[in-house]
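I have a structure here, written as structure tokens, and I will follow up with some questions on it.
What follows draws every value from the coordinates through simple rules; no lab data is involved. Values in this document were obtained by computation on a predicted structure and should not be read as measured data. Cβ sites come from the backbone with ideal geometry, for glycine too, and all protein chains shown count toward neighbours.
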Amino acid sequence: MENVNKSKLNLSDILQKKQKQTVFKPLKWTMILGLFAGLIYTGFQFALPWHWQLFLRWLGRGGDVNTVPPSLYQELNNLCQTADRSHHVNGYQGSVQIAYSLGKFECRLSRDQQYWLIYDVYGFDSTKEAMKGTPIAFLLIKLAGQNYTYQINAVIPRR
């Protein structure tokens, strides 16, 4: 007799399972998409070159930048030693990453002569400046708008 009762479908159990699925299914997908978006953001922060990180920060209207990736310290040290009397450095003589991210920038020695103080303004005044870059940069600037800049104030150790 017990086998007969087990084989019958219990309609209330089926309906309760369906109700749980309608509640938990969107919640599950929201959590999965949130986790995926977090992983993509983390990947952008660590895997993209610095000039792309700055560009995405510019698109998101991020605040001022006060750090430089440690991988650029050596090259920035060499470039800062070539600064002219007005403390300007032509970053276009360096690697592509520094040329794209800093371009021409200001570099001064700290008072204790231990650090280089790097200053630059990052942004685009018009879409004409973006045309020198990639077509995707031009499109993103058209979508994001113009005339937004922020400052790069970084300190790197002198070697």
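Separation between the Arg111 and Thr42 pseudo-spin-labels, each 7 Å from Cα along Cα→Cβ, expressed in nm?
Here the modelled spin labels are 4.1 nm apart.
Rounded to the nearest 0.05, what FRET efficiency do Ser71 and Lys28 give with R0 = 30 Å and r taken as the Cβ-Cβ distance? Could you check? Mind dumping the intermediate values first?
Values: r = 39 Å, r/R0 = 1.30.
Efficiency computed from Cβ-Cβ geometry: 0.15.
So if I restrict to the alpha-carbon atoms in the range 28-120, what is the Rg, and what is Dmax, the biggest pairwise distance, in Å?
16.7, 60
Take Glu75, Glu106 and order them by how many other Cβ atoms sit within 10 Å, fewest up front.
With the fewest neighbours first, Glu75, Glu106 line up as Glu75, Glu106.
A follow-up question, please. Arrange His88, His51 by Cβ neighbour counts within 10 Å, fewest through most, would you? All intermediate terms of the calculation are to be shown ahead of the outcome.
Numbers: His88 13, His51 18.
Placing the least packed residue first, the sequence is His88, His51.
Another one. Mind checking the full-extension length gain between Asp13 and Asn78? Use 0.36 nm per residue of separation minus the Cα-Cα distance, one decimal, nm. Let's see the in-between values first.
Details: separation 65, 0.36 × 65 = 23.40 nm, distance 7.25 nm.
Stretched fully, the Asp13-Asn78 segment lengthens by 16.1 nm.
Filter the trypsin sites (Lys or Arg not before Pro) in the range 67-115 to those in DSSP coil with at most 11 other Cβ atoms within 10 Å of their Cβ, and list the result.
Working: sites: Arg85, Lys104, Arg108, Arg111; in loops: Arg85, Arg111.
Qualifying residues, ordered by number: Arg85, Arg111.
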